[in-house]
1. Please verify whether the stretch 127-135 includes one or more residues that are at pLDDT 95 or above, in a helix (DSSP H, G or I), open to solvent by 40 Å² or more (accessible area, probe 1.4 Å) and among the hydrophobic types (A, V, I, L, M, F, W, C).
2. Take Leu110 and tell me if it is more than 17 Å from the chain's Cα centre (by Cα), open to solvent by 60 Å² or more (accessible area, probe 1.4 Å) and modelled with pLDDT of 95 or more.
3. Enumerate the pairs (first residue in the stretch 86-113 and under 16 Å from Leu39 (Cβ atoms); second residue anywhere and surrounded by 14 or more Cβ atoms within 10 Å (Cβ to Cβ) and of a type in the set (D, E, K, R)) with beta-carbon separation below 8 Å, excluding pairs fewer than 6 apart on the same chain, so at least 6 apart or on different chains.
4. I'd like the full set of residues that are open to solvent by 10 Å² or more (accessible area, probe 1.4 Å) and hydrophobic (A, V, I, L, M, F, W, C), limited to the stretch 34-47.
5. Looking at Leu31, Leu65, Leu80, which one is in contact with a strand residue (DSSP E or B) (Cβ under 6 Å, 6 or more places away or on another chain) and surrounded by 14 or more Cβ atoms within 10 Å (Cβ to Cβ)?
6. Considering only residues that are among the β-branched types (Val, Ile, Thr) and either touching a residue at least 24 places away in the same chain (Cβ under 8 Å) or in a loop (DSSP other than H, G, I, E, B) (or both), which ones fall in the stretch 52-70?
Amino acid sequence: MNLRVIPTSVHGVLDYATGSALLAAPELLRLKDVPRAALTPRLAGAGATVYSLTTDYELGVIRVLPMPVHLALDAMSGALLAASPWLLGYARNGMRYWLPHALVGASEILAALTTKTQPPRRRAMPGLVESARAYLGG
């Protein structure tokens, strides 16, 4: 039974939505009073956005990172995000400081395990770099 059912295009939308939500989470969840609790999702969100922009899938801009590597980064990032409240000691501040990290981290791991490893048609939609090269004639 193949558990990889999420298309890479859907995963791309999830990537950018999750990255944006993680960047905004400290404000939305009022985590700024504990700097480590606020910095962790911001770093995870920024990192996820950067490697999503460079992934070789439908929503990648500079398509250099293979999808299997992207999924491995998602799983590692999710594990670190989920464990960070205990690793960095801010879980003791209460559930609102650890629950969002744990839920988003677990969802990142789940998405990494259930997303297809290749886009349906390779290079079906050119990235920004490929479009610019074609436009400039080179």
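The values are calculated or read from the model by the stated rules, or taken from the named source; none is laboratory data. Note that the structure is predicted; figures quoted are calculated from it, not measured. Every residue, glycine as well, gets a Cβ built from its backbone with ideal geometry; the counts of neighbours run over all protein chains shown. For the accessible areas, the whole protein counts, side chains as well, though only heavy atoms, and no ligand, DNA or RNA atoms are used. Shrake-Rupley method; radii C 1.70, N 1.55, O 1.52, S 1.80 Å.
1. No, because not a single residue in the stretch 127-135 is at pLDDT 95 or above, in a helix (DSSP H, G or I), open to solvent by 40 Å² or more (accessible area, probe 1.4 Å) and among the hydrophobic types (A, V, I, L, M, F, W, C).
2. So Leu110 fails the test.
3. Pairs that qualify, where the first residue is under 16 Å from Leu39 (Cβ atoms) and the partner is surrounded by 14 or more Cβ atoms within 10 Å (Cβ to Cβ) and of a type in the set (D, E, K, R), are Leu88/Arg36; Gly89/Arg36; Tyr90/Arg36.
4. Correct list: Val34, Leu39, Leu43, Ala44, Ala46.
5. On the way: Leu31 fails: in contact with a strand residue (DSSP E or B) (Cβ under 6 Å, 6 or more places away or on another chain); Leu80 fails: in contact with a strand residue (DSSP E or B) (Cβ under 6 Å, 6 or more places away or on another chain).
Going through Leu31, Leu65, Leu80 in turn, just one is in contact with a strand residue (DSSP E or B) (Cβ under 6 Å, 6 or more places away or on another chain) and surrounded by 14 or more Cβ atoms within 10 Å (Cβ to Cβ): Leu65.
6. So in the stretch 52-70, the residues among the β-branched types (Val, Ile, Thr) come out as 54-55, 61-62, 64, 69.
Passing the criteria: Thr54, Thr55, Val61, Ile62, Val64.
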